[in-house]
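Chemist: Here's a structure for you.
A short reminder: the numbers here are calculations on the coordinates, not readings from a lab. Bear in mind the structure is a predicted one, so any value in this text is a computation, not a measurement. Here the Cβ is made from the backbone with ideal geometry for all residues, glycine too, and neighbour counts use every protein chain on show.
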Amino acid sequence: MDSDYLKATYQARFSDAELRDKQTLWSVLCEEQFQQYVPEDGTVLDLGAGYCEFSNNIRARRRIAVDLNPDTAAFAASGVEVIETNSAAMHQVPNGSVDTVFTSNFFEHLPDTDALLATLAESHRVLRPGGRFVFSTTHPF
């Protein structure tokens with residue numbers, strides 16, 4: 001996907017006030033719901049990280065945000081590693097190095113079933129044995 005298109009899409013998507021509200025919402029969601037799935041001494045990978053709401057608010061020794069958008073790094077808090085790549089090609093992340101892969105409202109943005117299956121396979125590759133894949137979606141599959 002064209003990086004200029006992605007940048008323009010993200011820049012037009014939410015106002016600054018909406019982005020602040022989303023960060024506040026995600027701080028509560030992470031604390032009250034999602035932290036239980038992420039070991040604080042482990043590694044978490046935020047798949048389709050977007051504005052890094054999850055990555056910025058979850059506690060983990062290592063936090064990795066994966067997104068195609070070249071502006072994702074501008075939203076990442078200090079300590080969040082951003083990898084600008086396709087979700088089906090996370091070559092920078094070693095096999096079995098992630099305790100939790102998390103994604104929210106991302107699958108519906110993939111172009112087709114093949115892309116979804118490749119993303120799931122790549123997520124499985126980076127997860128350690130016994131790791132968790134946590135996803136949240138409002139899309140009716």
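Chemist: What distance in nm lies between label points placed 7 Å from Cα along the C-beta direction at His91 and Ser15?
Modeler: Those two pseudo-labels are separated by 4.3 nm.
Chemist: Which order do the peptides 101-108, 53-60, 120-127, 87-94 come out in when sorted by mean C-beta neighbours inside 10 angstrom, highest first?
Modeler: Answer by packing, highest mean first, reads 53-60, 101-108, 120-127, 87-94.
Chemist: What does the helix-only formula give at 222 nm for the chain: each DSSP H stretch with n ≥ 4 adding -39500 (n - 2.57), the total divided by the residues, and the result rounded to the nearest 500 deg cm²/dmol?
Modeler: Computed mean residue ellipticity for the chain: -10500 deg cm²/dmol.
Chemist: A further question on this structure: Find the relative contact order for the chain and round it to a whole percent, using C-alpha pairs within less than 8 Å whose residues are 6+ positions apart.
Modeler: Once divided by the residue count of the chain, the mean separation gives 21 percent.
Chemist: Something else now. For Gln36 and Asp71, FRET efficiency with R0 = 41 Å and r from the beta-carbon atoms, rounded to 0.05?
Modeler: 0.85
Chemist: In whole angstrom, and with the biggest value first, how far do the Cα coordinates of the chain range along each principal axis?
Modeler: 40, 34, 31
Chemist: For Val82, what charge total do you get from the other residues with a beta carbon under 11 Å from its beta carbon, if Lys and Arg give +1 and Asp and Glu give -1?
Modeler: Here the charged neighbours net out to -4.
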